[in-house]
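First the structure, in the form of structure tokens, and then the observations on it.
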Amino acid sequence: MAQVTFLGFPRIGLKRELKRALEAHWRGKTGASELLETARTLRQRHWQLARDAGADVVACNDFSLYDQVLDTAVLFDAIPARFRPVFEKGHLDGYFAMARGHKGDGVDLHALEMTKWFDTNYHYIVPELEAGQEFALRGDKPVAEFLEAKALGHAARPVVLGPLSFLLLAKTVDGSDPLALLDALLPAYAELLQKLAAAGAEWVQLDEPCLVLDQDGATGEAYRRAYATLAAAHGPKLLLATYFGALGDNLALAAGLPVDGLHVDLVRAPAQIDAVLAALPAHAVLSAGVVDGRNVWRSHPDRVQALLRRALAAVGSGRLWLAPSCSLLHTPIDLTAENALDPARRATMAFARQKIEELRAYADALDGNAAATTALAEQQAQLDEQLQAHGIKNPAVRARLNALSPQSTLRRSPHARRALTQAEARPLPLLPTTTIGSFPQTDELRKARAAHRAGRLDDDAYDTLLKQEVEHVVRFQESIGLDVLVHGEPERNDMVEYFGEQLDGYLFTKLGWVQSYGSRCVKPPVIWGDIGRPAPMTVAWSSYAQSLTSKPMKGMLTGPVTMLQWSFVRDDLPRETVCRQMALALRDEVHDLEAAGIGVIQIDEPALREGLPLRRADWAGYLAWAVECFRITAGGVRDATQIHTHMCYSEFNDIIEAVAAMDADVISMETSRSRMELLDAFVKFHYPNDIGPGVYDIHSPRIPDQAEITDLLRRALAVLKPGQLWVNPDCGLKTRGWPEVEAALRNMVAATLRLRSELKLSA
Ligand code: GLN
Ligand code: ZN
């Protein structure tokens, strides 16, 4: 009979118990033993939960106190020399020092880098390697967690990041090829496999998600060498796990490796089923990832059962495993906690626990269980019925979408013309100064918001407080001489949730937490129906702020791509369609702001780049609709209305043309940490519109002095024309304190004034 299993489970806990335990430990409130006790309790609770939901085999060693890639680095002793002394004091201290940096005892160790895990919103710690690096098996985490599960009576399969993905996701400090370290690394993996076998593990899951990426021939050769070594190591049977996309041109490679089973993602890439079945060796197990590990929706029995019937016919039930597409790390834990949701909506949703229950039903149905078959038929009927539910389809939104034409993406004139009109409407000095939108979210503001939500502070009192804050922010900006002001965003909890709450088509969960990195979690809002905008969302705040000053006040919106990227998105429409709906709703907001006299409007798109597909071949398609959606949002406004956009990451070299195609009048971006090196892209590509490369790093409490800002601006002027350059920080200021912000912005204005007079003299 087909087995139910999974690649990994969320570890943070339903009520974010791990977050609390970690943060208490980091504050020095609790010792290691309390933290480890919480961790153990969570692991054991989650194994039991998965078993009760119907898993035959549970994943183990999927748990992590911070991140599974960091765990792998520490497991194989890939510990940079600077952290070794901290490890000598204690393993946990060393481990957290690598993740978070370490200050004290006269040392100041910077943490390892962190970056996004493929195209998810999870961030992993990037191992730091160097040429000639040695590896060794250190500690026994995978073995210990396997024994822990086994002692509780679970059939458990340890999960370990595979050697190739480990190396490919790492970076070398000396720029050497990480794959050159493979031969040094493999003996440590082999030793681990032997220990797992000795502990009684029948299988081990080696995650190689890099197999869904574009890769070169040398990498393929490295996979073959590595897996030949591991297959000969006398360890447990090997399950090679791939996810987040199709194997595509790597299928022959993956299927040809000497492993005993292959996991494939049949949610992102259902079309690969036939090719996978054809390529799978006769003895190998197929782990079919048929339930989406990355969203919050129930699966469609029609689709899943069609895939499973094909798989069953090809491999037989003894060689077929049923699993979510990827680790369930990217979903919340348990929908039963969401008792405030509309029952009709809830019936269409599934979190980690429900996804395992679904897999159980699929397996039972394959086995001829009539009750399971009926339940799945009902599930399909319910999903079909819910497609007609009120709110899913908004006829007005659909009609507008149908009427969309290329015309909707256009401004009235090209940028060069618009720039003249804008300069006439709002004369600004050379090198205009501005900020990215938010000002410090003080404790007072946070407390007031919490009190307002809890009903302890009434609307009027809350409103008065926010208005005072806006006024304070406006007066401050005037006093230091900024040119284009912002209202400071004190009314916003979060740049996506704030808009989601005012749009049709969104719902919100109570405990739908998903780990972002370490102890940090996000609770993405859920798009379930057509996006509509019943009423203006930001006009009152922007108008109020504008009424306080004669300087231009910048309206502030989150762009359609970012709204999509940071939400759970419905799965019954293509993402690009949902994004166009969002763009239309935001376009209405843009027009209402314009009508209310707001002449400068910023549409933030910090998540545009992170939406890029994993395979290069898919980039153009994504960028086409992402740029189109931005242009729909900004389209149709008067020439005098100046559209800004903001992006946090500026590794734009490879998408610079798409960024230019957005045709924002002004773009602000992050460049200060690379000392404007990111502007090199603009040497080859002459960006036509205005740019504000961030002149200081708001992610650090350090206050930049005037000289260093001047220096950065000079570097920018080497690449950009003076008439093109704006002056602003890297990102919003909400995480900073007022004293830092005051000092930094004063220095920014002073540096600008100095450069302005220099430019005038030379002119
Ligand atoms: N306007 C937002 C702010 O200043 C932009 C935030 C972001 O780019 N992540 O906070
Ligand atoms: Zn930003």
Euclidean distance between Cα centres, the range 44-79 to the range 235-254, Å: 20 Å
Net charge, Met556 excluded, C-beta distance under 13 Å - Lys, Arg +1, Asp, Glu -1: -2
Set of lysines with alpha-carbon distance to Lys523 below 27 Å, sequence-local pairs under 8 removed: Lys15, Lys19, Lys29, Lys116, Lys355, Lys393, Lys447, Lys510, Lys734
5 Å binning of all Cα-Cα separations within the range 32-190, expressed as whole percents from 0 upward: 2, 8, 16, 19, 19, 17, 10, 6, 2, 1, 0
Gain upon complete extension [Glu657, Arg673; 0.36 nm per residue less C-alpha separation]: 3.5 nm
Percent RCO, i.e. relative contact order, over the chain, from Cα pairs under 8 Å lying at least 6 residues apart: 11 percent
Normalised contact order of the range 143-218, rounded percent, pairs of Cα under 8 Å and 6 or more residues apart: 44 percent
Candidate lysines - alpha carbon under 17 Å from Lys89, same-chain residues fewer than 8 apart omitted: Lys103
For Ser405, Ser543, order by how many other beta-carbon atoms lie within 10 Å, fewest first: Ser405, Ser543
Förster-model FRET efficiency, 35 Å R0, Glu202 and Asn493, C-beta, rounded to 0.05: 0.15
Inverse of mean 1/r across different Cα pairs in the range 295-340, Kirkwood, Å: 12.9 Å
Quotient of C-alpha Rg and 2.2 N^0.38 Å, computed over the range 581-631: 1.41
Label-zone membership for the range 356-392, site Ala313, 7 angstrom Cα→C-beta point, backbone N under 18 Å: 366-368
Cleavage-rule hits (trypsin sites (Lys or Arg not before Pro)) in the range 664-763: DSSP loop, at most 15 neighbouring Cβ within 10 angstrom: Arg675, Arg702
Calculated FRET efficiency for the pair Arg345/Asp52, C-beta based, R₀ 25 Å, to 0.05: 0.55
Zero-based 5 Å bins, Cα pair distances in the range 218-281, whole percents: 4, 18, 29, 25, 16, 8, 2
By average C-beta atoms within 10 angstrom, highest first, the peptides 294-303, 378-387, 144-153: 294-303, 144-153, 378-387
Helix runs (DSSP H) in the chain reaching 18 Å along axis by Cα, Kyte-Doolittle at least 0.5: 182-199, 619-634
For the range 258-321, projected area of the alpha-carbon convex hull averaged over all directions, nm²: 4.3 nm²
Cα-derived Rg to Rh of the range 370-512, Kirkwood definition: 1.14
Proportion of all alpha-carbon pairs of the range 691-748 beyond 18 Å (%): 31 percent
Equivalent-ellipsoid semi-axes of the range 639-714, from the Cα gyration tensor, Å, largest first: 23, 15, 11
Per-residue Cβ neighbour rank within 10 angstrom, fewest leading, Tyr223, Tyr517: Tyr517, Tyr223
Backbone HN-Hα couplings from phi across the range 280-296 [Karplus 6.51/-1.76/1.60, Hz, Gly and Pro as x]: 5, x, 4, 8, 7, 7, 9, 9, 8, x, 9, 10, 5, x, 10, 10, 10
Kirkwood-type radius of the range 585-687, with distances r between different C-alpha atoms, in Å: 14.6 Å
At 1.567 mPa s and 4 °C, Stokes diffusion of the range 31-105 via Kirkwood alpha-carbon radius, µm² per second: 92 µm²/s
Cα-Cα P(r), the range 1-72, percent of pairs per 5 Å interval: 3, 16, 24, 23, 16, 10, 5, 2, 1, 0
Given charges at Cβ of Lys, Arg, Asp, Glu: the chain dipole, positive-most of Pro163, His283, Gly455: Gly455
Isotropically averaged projected area of the range 204-336, using the convex hull of Cα atoms (one quarter of hull area), nm²: 8.5 nm²
Cβ-based exposure ranking for Thr5, Thr38, in which fewest neighbours within 10 Å come first: Thr38, Thr5
Using alpha carbons only: equivalent-ellipsoid semi-axes of the range 498-609, gyration tensor based, whole Å: 27, 17, 13
Rounded to the nearest 20 debye, dipole of the chain from Cβ charges on Lys, Arg, Asp, Glu: 660 debye
Segment Ala399-Arg475, length gained on full extension (0.36 nm per residue, minus Cα span): 22.9 nm
Alpha-carbon spread of the range 79-150, three principal axes, descending order, Å: 44, 34, 28
The range 113-271: equivalent-ellipsoid semi-axes (sqrt of 5 x gyration tensor eigenvalues, Cα, Å): 24, 20, 16
For the range 387-457, diffusion coefficient by Stokes-Einstein and Kirkwood Rh (Cα), 10 °C, 1.306 mPa s, µm²/s: 87 µm²/s
Rg over Rh, two decimals, the range 355-402 (C-alpha only, Kirkwood Rh): 1.27
Spin-label model distance (nm) - Asp367 vs Ala282, 7 Å beyond Cα toward Cβ: 2.8 nm
Simple label model, 7 Å out from Cα along Cβ direction - Arg746 to Glu444, nm: 2.0 nm
The range 453-533: Rg to Rh, with Rh as the Kirkwood radius over Cα pairs: 1.07
Convex hull of Cα atoms in the chain, direction-averaged projection (nm²): 32.9 nm²
Positive-end residue of Val486, Tyr517, Trp528, charge dipole of the range 473-544 with Cβ unit charges: Tyr517
Calculated FRET efficiency for the pair Glu610/Ala24, C-beta based, R₀ 30 Å, to 0.05: 0.45
Computed helical MRE - 222 nm, the chain, DSSP H runs ≥ 4 contributing -39500 (n - 2.57), nearest 500: -13500 deg cm²/dmol
Antiparallel bridges, percent of DSSP beta bridges restricted to the chain (to nearest 5): 20 percent
Calculated SAXS-style log₁₀ I(q)/I(0) at q = 0.21, 0.22, 0.23 Å⁻¹ - the range 302-420, Debye, Cα scatterers: -1.25, -1.30, -1.35
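Values in this text are rule-based calculations from the coordinates and carry no lab data. Source: prediction; values computed, not measured. Note that we place each Cβ from the backbone using ideal geometry, even for glycine, and neighbour counts take in every protein chain shown.
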